[in-house]
1. Evaluate the range 234-244: report whether one residue or more is farther than 28 Å from Asn281 by Cα and under 24 Å from the mean Cα position of the chain (by Cα).
2. Is one or more of the residues making up the range 254-266 within 20 Å of Ala139 (Cβ to Cβ) and either buried (at least 20 other Cβ atoms within 10 Å of the Cβ) or touching a Lys or Arg at 6+ places or on another chain (Cβ under 9 Å) (or both)?
3. Surrounded by fewer than 18 Cβ atoms within 10 Å (Cβ to Cβ), touching a helix residue (DSSP H, G or I) at 6+ places or on another chain (Cβ under 9 Å), assigned to a helix (DSSP H, G or I) and of a type in the set (Gly, Ala, Ser) - does that describe any residue in the range 234-253?
4. Exactly one of (1) crowded, with 24+ Cβ neighbours inside 10 Å; (2) touching a Phe, Trp or Tyr at 6+ places or on another chain (Cβ under 8 Å); (3) not polar (S, T, N, Q) is unmet by Arg324. Its number?
5. Condition test on Asp296, is it of a type in the set (D, E, K, R), crowded, with 16+ Cβ neighbours inside 10 Å and not in a helix (DSSP H, G or I)?
6. Please go through (1) out of contact with any Pro (no Cβ under 6 Å at 6 or more places or on another chain); (2) exposed (fewer than 15 other Cβ atoms within 10 Å of the Cβ); (3) at pLDDT below 95 for Arg137 and return the number of the only condition it doesn't satisfy.
7. Among the residues of the range 307-323, how many are of a type outside the set (S, T, N, Q), closer than 15 Å to Arg264 by Cβ and part of a helix (DSSP H, G or I)?
8. For the range 92-146, name all the residues that are outside any loop (DSSP other than H, G, I, E, B), more than 18 Å from Lys282 (Cβ to Cβ) and not hydroxyl-bearing (Ser, Thr, Tyr).
Amino acid sequence: MGPQFDRPPPKKKGKGWVIVPLAGVLVVIIGLWVVGVINKQNRIDDYAKPQPSWTAPVDEPTQEPTQEPTGQPTDEPTTSTSIATTRPTAPVPTSKYTPPPRRPTAFEVVSLNSFYTSGVHAGVGCKESGARARDVRSAGLYYLQIKSCLDRAWARQLKAAGKPVRAPKLLVMNGPTQTPCSGSAPSSFYCPANETIYMDGRGDVQLYAKYRNFTRGQVYLRMSMTDTVAHEYGHHLQELTGILQATYKLRYEKSGDARLEVSRRLELQASCFGSAFLSANKNSYPLRGASKTELDYLHSHQGDQPGRIRDHGRPSNYKYWTARSWPNRDVRYCITYRAPSHQVS
């Protein structure tokens, strides 16, 4: 492992800030025709029909009938009187009502997301930047190099899952910064309101100055910068897949440690996503030797520190979740929302 040095506690990752026609009745009146002798006046005065907006006139007879018949009536009627009608047709619906599909619950979104079926993460030949955190601008160049790799790599997974593909923005902080998500933050974080990763450039520049003459310390810092960008990008993936908003809903419904546990599931998953990406690009970056040693150190020492709020997870659980996705390079190993409580404590 080489000479020991005073590593700072790994910076706590920022939070993922966290709707018939009615057929008319056609009445056909063939009428009353009188052939021969009429015994009595035959009239049809009323019949059932739909009520129109106007009234059809009824013809009056042109003369009064005679009082006496002019001849003997025949045994059989020589004429027939009929009223032909048609029955109303049954109403025909114009379209069949289809109820809207049931919306998935928040828990279904975080535990059964199609993103988990996007397959094994393929490498994109990502190479580490040659820039070093000598100043904020140089630190920004380092961050942007790995972000460009993340943009290419995760676009494949998002498309495979049928999710929107949008690259996040990246801003480098040189002190307290006003954002749509908060007044400021003590470390790097992701803001979903503007889909932006905010990196603590000033903090990394200070660590670079501290380790200027210590090679192993410089390696540790570079791996910390690499891992942090990958973690915060994980929160962007949660935003694009609906996991982040569903987590907010789950967290809102709980209180106390149950609420903190939901936050820990979110944070541990983001690191698991990041680990899958780093593993897929370990040969090209490269991540071996001292770089892998320092990355492993980070993954086993990150998380909630004694005496601080427990919203990220124990270091042992950071190690567990980053180790799950490292050999598999598959996000289906990152479903922290189904895990028992002790694995996200």
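The values are calculated or read from the model by the stated rules, or taken from the named source; none is laboratory data. Source: prediction; values computed, not measured. Cβ sites come from the backbone with ideal geometry, for glycine too, and all protein chains shown count toward neighbours.
1. Here is the first cut: in the range 234-244, the residues farther than 28 Å from Asn281 by Cα are none.
No, the conditions are met nowhere in the range 234-244.
2. Residues of the range 254-266 that are within 20 Å of Ala139 (Cβ to Cβ), as a first pass: none.
No: the range 254-266 contains no residue that is within 20 Å of Ala139 (Cβ to Cβ) and either buried (at least 20 other Cβ atoms within 10 Å of the Cβ) or touching a Lys or Arg at 6+ places or on another chain (Cβ under 9 Å) (or both).
3. no
4. All conditions are met except number (1).
5. Numbers: of a type in the set (D, E, K, R): yes; crowded, with 16+ Cβ neighbours inside 10 Å: yes; not in a helix (DSSP H, G or I): no.
Against the criterion (of a type in the set (D, E, K, R), crowded, with 16+ Cβ neighbours inside 10 Å and not in a helix (DSSP H, G or I)), Asp296 does not qualify.
6. (3)
7. Filtering the range 307-323 down to residues of a type outside the set (S, T, N, Q) leaves 307-315, 318-321, 323.
From what is left, the residues that are closer than 15 Å to Arg264 by Cβ are 308-315, 318-321.
Next cut, part of a helix (DSSP H, G or I) only: 315, 318-321.
Going through the range 307-323 one residue at a time, the tally reaches 5.
8. Selection gives Ala106, Phe107, Glu108, Val109, Val110, Phe115, Val136, Arg137, Ala139, Gly140, Leu141, Leu144.
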